[in-house]
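**Student:** Pasting in a structure now, in C-alpha cells, and then I'll have a few things to ask.
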Amino acid sequence: MQVTVLGASGRTGFHVARLLAAKGHTVRAGLRSRRRAEVLQDLDVQPVVADVTADPEDLVEAFRGSEVVISAIGAPDPEPASVNLVDRDGAATAIRAAEKAGVARYVQLSAQFADSPDQGDRLVRSILLAKQISDIALQKSALTWTIVRPGTLTDGPATGRVKVAGHLEPGRITRQDVAAVLVGVLQEPLTENQGFDVVSGEFPVGSALAALG
C-alpha cells in the first residue's frame, strides 16, 4: 500500500519510514523541506515536501494517492507558540488535507495523557493540550483513525515488546518500538477508530495490538 509519513526525518518518523519500506510498502516521506531529504538517502522512500505549517493545498497533493497517512510530527521547540503551530494547528490542517485528498486511514502519534492533560506532567502541559485538540479533530473527521499515545520516548534499541491499553500508568518506551506500533496498527483491525497508551512491556507488538478491545 502507499503510505505518507509526516515527520519522516524526525527521530520517530525515520523509523516508521524505514519499517514501512522494509515491509514493501510504497512510502512517501513527508519533510518540512527538501534539505532534510539527506537523512533518508539510504531508505527506499520517496521524499516529498509536506510542511503542516505551509499551504494546505500542498499537503493535499502530498497525500493524494496514499491509502494511509502516519503522522509523527512534533514541534522542534517546546515553546507554546511552536507547539501550537505544529502539534495543534498543523496537525489539524494535515487531517483536513487527508480528508480532501481521499485518504482512508490516518494514524496519529500523540502522547500519554493527551486525553487528560490535567493528569500529565505540568512541564509538558502545553504539548498535551495541543495534542488533545488535534486528537479530537481526528476523532471527529471522516477518516478511519488510530491515535497512539506513548509514554516518555527514549532513543534506545528496539525491544519488540510493549504493553498497550486504553490507559496505562506512566512509563517509557523506545522510539523504535513506537514506530513498530505505528506500523503494526495497519495490520490489526481492532486498532481502527481507537486511541490507546503504549509503554515498554512484555508482549510482542502484534500480540499486544490483537488484545485490544
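Values quoted throughout were computed directly from the atomic coordinates according to the rules given, and no laboratory measurement underlies them. Computed from a prediction, not measured in an experiment: that's the story for all the values here. Every residue, glycine as well, gets a Cβ built from its backbone with ideal geometry; the counts of neighbours run over all protein chains shown.
**Student:** Using only alpha carbon pairs under 8 Å that are at least six residues apart, calculate the relative contact order of region 2-210 and give it in whole percent. Don't skip to the end; give the middle numbers.
**Tutor:** Details: 459 pairs, mean separation 37.4, N = 209.
Relative contact order, region 2-210: 18 percent.
**Student:** Considering only DSSP beta bridges whose two residues both sit in the chain, what percent are antiparallel, to the nearest 5?
**Tutor:** On the way: 6 of 36 bridges.
Among the beta bridges of the chain, antiparallel pairing accounts for roughly 15 percent.
**Student:** A further question follows. Based on DSSP loop calls and a cut-off of at most 16 other Cβ atoms within 10 Å, the longest stretch of the chain free of exposed trypsin sites (Lys or Arg not before Pro) is what?
**Tutor:** Segment 65-139 is the longest.
**Student:** Moving on to the next point. Using r as the Cβ-Cβ distance of T152 and Q187, and R0 as 30 Å, what FRET efficiency do you calculate, to the nearest 0.05?
**Tutor:** Details: r = 26 Å, r/R0 = 0.87.
Computed FRET efficiency for T152 and Q187: 0.70.
**Student:** For region 1-133, with the dipole built from +1 on Lys and Arg beta-carbon atoms and -1 on Asp and Glu ones, taken about the Cα centre, which of L6, Y106, V45 lies farthest toward the positive end?
**Tutor:** Farthest along the dipole direction, towards plus: V45.
**Student:** Next question, about the same structure. Taking the simple approach of a point 7 Å from Cα along Cα-to-Cβ for both E99 and S141, what is their distance in nm?
**Tutor:** In this crude label model, E99 to S141 measures out at 0.9 nm.
**Student:** How big is the dipole moment of the chain about its Cα centre under a simple scheme where the beta carbon of each Lys and Arg is +1, that of each Asp and Glu is -1, and everything else is neutral? Debye, nearest 20, please. It would help to have the intermediate numbers written out before the result.
**Tutor:** On the way: 22 positive and 25 negative charges, 38 e Å.
Approximately 180 debye in magnitude.
**Student:** Follow-up. Along the Cα→Cβ direction, 7 angstrom out, place labels at D55 and F203. What is the inter-label distance in nm?
**Tutor:** 4.6 nm
**Student:** For K100, go through the lysines and keep the ones whose alpha-carbon is under 16 Å away, minus same-chain ones fewer than eight residues off.
**Tutor:** List returned: K140.
**Student:** Suppose the chain between Q2 and S33 were pulled fully straight at 0.36 nm per residue; how much longer would it get relative to their current alpha carbon spacing?
**Tutor:** Working: separation 31, 0.36 × 31 = 11.16 nm, distance 2.08 nm.
Extra length from Q2 to S33 when fully extended: 9.1 nm.
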